[in-house]
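The structure under discussion appears below in the form of structure tokens.
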Amino acid sequence: MELPAALYEPTDDGWLATALTIGPWHPGFQHAGPPAALLLRQAERASAIAGGQTVRLAYDIFAPVPVGPVRVRTSVVRPGRRIELVEAVLSAGDDRPLMRLSAWRMRSREDGAAPQMAAPHPAAAGPQESRPEEAAFFTTDVAYHRALDWRFATGSFNSAGPASAWTTPRCALVTGEPMTALEHLLVMTDAASGISAELDWTAATFANVDLLVSLHRPPRGEWLGMDARTTLGGTGAAQCTAVLFDAEGAIGRSAQSLFVEPR
């Protein structure tokens with residue numbers, strides 16, 4: 001099977017989403033992971049802190065993002081030499097915002113007075129010891145689930161309950177550019193609620209309206225992972241939380257608010 005080389009192809013005024021962005025709910029709508037990474041890419045390019053680190057990413061998902069042309073506009077909301085807040089907003093056919101990112105960035109430096117604390121690794125096994133798996137619930141053969149190589153240490157895409165999985169990219173984010181570790185993290189992390197689903201995909205929808213990622217250090221390496229759990233509220237809402245990690249250990253956490261209703 002021949003896959004697109006990237007999630008997005010550059011156009012004169014933005015990007016064209018390829019089939020690898022297609023999400024599980026409708027073949028005409030993107031999974032939120034790829035546009036989350038694209039917004040991060042543009043926010044970092046708008047930053048005035050050279051070599052800085054992005055430590056918190058708060059996404060609001062206003063409406064489904066269509067598979068097609070998209071644009072991103074950015075602004076520095078709170079400038080600073082050491083700390084800044086950058087906003088990036090994605091739109092499609094008109095100027096109506098579909099997704100928004102608010103990203104806090106900080107100056108990066110080695111702090112010898114605050115060494116990283118040793119802790120058990122969040123994953124039960126490494127990527128090479130984990131089980132390869134493909135999601136069975138996508139309605140098209142070429143879609144988001146093929147953008148990453150998935151390896152499950154615990155749980156499964158295709159059964160209910162918590163899960164821990166590793167991923168590595170199978171494509172670029174934008175044609176002609178290597179995907180950075182942080183971009184990879186964002187492509188992956190929005191799927192936390194998918195790998196830890198507590199409901200039958202054919203009987204209910206549980207799409208997230210937001211995504212919050214908080215990092216205590218940047219991700220490193222080819223393989224990144226998440227240990228995810230979804231909690232149903234019984235009132236039409238649910239929450240998914242995940243511990244995010246790389247080969248060296250935990251790097252942060254994510255949270256998603258889910259809107260739940262029968263199909």
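Computed from the coordinates by the stated procedures, all read-outs in this text should not be read as laboratory data. Just so it is clear, the structure is predicted and the values come from calculations on it, not from any experiment. Here Cβ is always computed from backbone atoms with ideal geometry, including for glycine, and neighbour counts include all displayed protein chains.
Computed FRET efficiency, Cβ-Cβ of THR11 and ARG263, R0 30 Å: what is it to the nearest 0.05? Write out the running numbers ahead of the final one.
Details: r = 34 Å, r/R0 = 1.14.
Taking R0 as 30 Å, the efficiency between THR11 and ARG263 is 0.30.
HN-Hα J couplings of region 227-233 from phi, Karplus 6.51/-1.76/1.60, θ = phi - 60°, integer Hz, Gly and Pro as x?
10, 10, 8, 10, 10, 7, x
Mind listing the phi-derived Karplus ³J(HN,Hα) values for region 141-146, rounded to whole Hz, using 6.51, -1.76 and 1.60 with θ = phi - 60°, and x for any glycine or proline?
5, 9, 7, 3, 4, 9
Which semi-axes, in whole Å and largest first, does the equivalent ellipsoid of the chain have when worked out from the alpha carbon gyration tensor as the square roots of 5 times its eigenvalues?
Whole-Å semi-axes of the equivalent ellipsoid: 26, 24, 18.
In region 79-111, which GluC sites (Glu not before Pro) fall in coil by DSSP and have 12 or fewer other Cβ atoms within 10 Å?
Sparse-neighbourhood loop GluC sites (Glu not before Pro): GLU110.
To the nearest 0.05, what FRET efficiency results for THR205 and MET1 with a Förster distance of 35 Å applied to their C-beta separation?
The formula returns an efficiency of 0.80 here.
List the extent of the Cα atoms of region 181-263 along each of their three principal axes, largest first, rounded to whole Å.
Per principal axis, max minus min of the Cα coordinates gives 39, 21, 17 Å.
Using θ = phi - 60° and the Karplus form 6.51 cos²θ - 1.76 cosθ + 1.60, what ³J(HN,Hα) does each residue of region 33-40 get, whole Hz, x for Gly and Pro?
Once rounded to whole Hz, the list reads x, x, x, 4, 5, 5, 4, 4.
Mind jotting down the distance between the C-alpha centroids of region 147-184 and region 36-71, whole Å?
Distance between centres, Cα-based: 18 Å.
Applying 1/(1 + (r/R0)^6) with R0 = 41 Å to the Cβ-Cβ distance of HIS26 and ARG81, what FRET efficiency is obtained, to the nearest 0.05? Working shown, then result.
Working: r = 44 Å, r/R0 = 1.08.
With a Förster radius of 41 Å, E is 0.40.
If one computes P(r) from the Cα atoms of region 34-132, what percent of pairs lie at distances over 18 Å? It would help to have the intermediate numbers written out before the result.
Numbers: 2813 of 4851 pairs.
Above the 18 Å cut-off, region 34-132 has 58 percent of its Cα pairs.
Using 0.36 nm per residue of separation minus the Cα-Cα distance, give me the extension gain between ALA255 and SER214 in nm, one decimal.
Taking ALA255 through SER214 to full extension adds about 13.9 nm, to one decimal.
List the residues whose amide H sits under 5 Å from the amide H of ALA6, counting only those 5 or more places along or on another chain, with H placed 1.01 Å from N in the peptide plane.
Amide H neighbours of ALA6: ALA172.
Could I have the simple spin-label model distance between ALA160 and VAL142, label points 7 Å from Cα toward Cβ, reported in nm to one decimal?
Reported label-point gap for ALA160 and VAL142 is 3.5 nm.
For region 1-72, what D do you get in µm² per second when you plug the Kirkwood radius from alpha-carbon pairs into Stokes-Einstein at 20 °C and 1.002 mPa s?
In µm²/s, the coefficient rounds to 159.
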